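What follows is a short report on a single structure.
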Amino acid sequence: MIKGSFIDNLLYTPSYGWKDQSDGLIVPTSTQLWSEAFSRINIFRSRKNWISFVSFLMLIGMLPFFFLFFFKYFSWYLLAAIVIYSMAIMGTHGTIWFHRYCTHKSYGFSRPIWRIITQNLVIKTIPEEIYVVSHHVHHCKSDEPGDPYNPKAGFWYCMLAEYNHQRVSPHLEEETHKKALHFMEHTGVKLNSYKQYQKWGSLSSPGYTIAVWVINWVFWFALFFLIGGAALACAIFTAALLWFTFVRAFNYTGHGGGEKKHREGVDFDRSNLSINQARPGLLAGEWHNNHHLFPGSARAGFLPGQLDLAWVYIYILRKLRMVSWYKDSKKEFLKKYAATAPASKHFVF
């Protein structure tokens, strides 16, 4: 019988646990973290490890492109393309798709086709389920025991969170499973019935997840190969690998590395360690402290200088009637905080 709240039991508890008997955060050793990661991707141990294994295969699948680029096709021109694609294009897409749509439902598409196109605008590097469900828990338990990427537990706690902490628990009861599906129903991902969930240990269908991944990779490799040959294709897949790494590191840096780094007039939400950083803000629309203040907003760049490329995309699609609605919390933010906000030059990189 599952005890406690819905959120408390939604994720698969690691072997070392979330908190000790006094409700303090358990900080596992490096050995514990790596051991947990290897056990979670072991498909031979349990087929319920399939989604972590697929995520691991995505990483392995990008490595050959990385080595081919640096040892065969390297050029400064392509390196510039890698930086732009990983930091700006994939970063912005992550904010548009995984963060603001899939997790927070801050806007809606007028037709399924626009959702499908948005989902696959870039090379796929993470199954939606792993990101979405755990991110809801993150917002409920930010920087507290149970936060799947709690920066207070260290850098590798965050980097390995996808395998160790972000999985849906395979032990949900039927009613809890039904509630968990609500987090995913609008995404278009094919979801498992409770019977299927008991077999696979996931909310999303293995067949759907793998098929979307393969089709996405085949399409993008073929397109970039036609545009610029094997060199460009390898470069862009290298960029995807870099974003795969950067987004996990951001879970650590975006919350001050586990320390209080709020600045007066810049970071207004003091209920957690999130901070506004210029680099992820300008390149991906990820003004993170603003986002924690208004997680349901399709815009997070509220102040002058806070360029929000993710919001630009959503706004343009609304003008083109591809997006049917959105929630914009800028007026509410300005009403509460604008009087104490300094110039954007104070934001840190």
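The values are calculated or read from the model by the stated rules, or taken from the named source; none is laboratory data. Bear in mind the structure is a predicted one, so any value in this text is a computation, not a measurement. Glycine gets a Cβ as well: all are built from the backbone with ideal geometry, and neighbour counts include every protein chain shown.
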Take Phe66 and tell me if it is in contact (Cβ under 8 Å) with a residue 40 or more places away in the chain, surrounded by fewer than 19 Cβ atoms within 10 Å (Cβ to Cβ) and under 19 Å from Phe246 (Cα atoms). yes
Note: among Ile7, Ile43, Ile26, just one is surrounded by 13 or more Cβ atoms within 10 Å (Cβ to Cβ), within 13 Å of Ser169 (Cβ to Cβ) and not aromatic (Phe, Trp, Tyr), namely Ile7
Tell me yes or no: at least one residue of region 6-23 is of a type in the set (Val, Ile, Thr) and farther than 20 Å from Ser134 by Cα. no
Unmet requirement for Val218, which otherwise passes all of (1) at pLDDT 95 or above; (2) over 19 Å from Met58 (Cα atoms): (2)
Of those in region 8-23 that are among the polar types (S, T, N, Q) and modelled with pLDDT of 95 or more, the residue nearest to the chain's Cα centre (by Cα) is Thr13
When you look at Leu226, is it aliphatic (A, V, I, L, M) and buried (at least 19 other Cβ atoms within 10 Å of the Cβ), yes or no? no
Residue list for region 42-55, filter: touching a residue at least 40 places away in the same chain (Cβ under 8 Å) and either of a type in the set (Ser, Thr, Tyr) or in contact with a Lys or Arg (Cβ under 9 Å, 6 or more places away or on another chain) (or both): Ser46, Arg47, Lys48, Asn49, Ile51, Ser52, Ser55
Examine region 191-201 for a residue that is surrounded by fewer than 19 Cβ atoms within 10 Å (Cβ to Cβ), in a loop (DSSP other than H, G, I, E, B), more than 19 Å from the chain's Cα centre (by Cα) and touching a residue at least 12 places away in the same chain (Cβ under 8 Å), and state whether such a residue exists. no
Any idea which residue in region 168-182 is farthest from Asn272 (Cα to Cα), counting only those that are surrounded by 18 or more Cβ atoms within 10 Å (Cβ to Cβ) and in contact with a helix residue (DSSP H, G or I) (Cβ under 6 Å, 6 or more places away or on another chain)? His177
By residue number, the members of region 170-190 that are free of Cβ contacts under 8 Å to residues at least 12 places away in the same chain and not in a loop (DSSP other than H, G, I, E, B) are Glu175, Glu185
Pull up region 84-132, narrow it to residues that are of a type in the set (S, T, N, Q) and within 24 Å of Ala235 (Cβ to Cβ), then point me to the one that is surrounded by the most Cβ atoms within 10 Å (Cβ to Cβ). Thr95
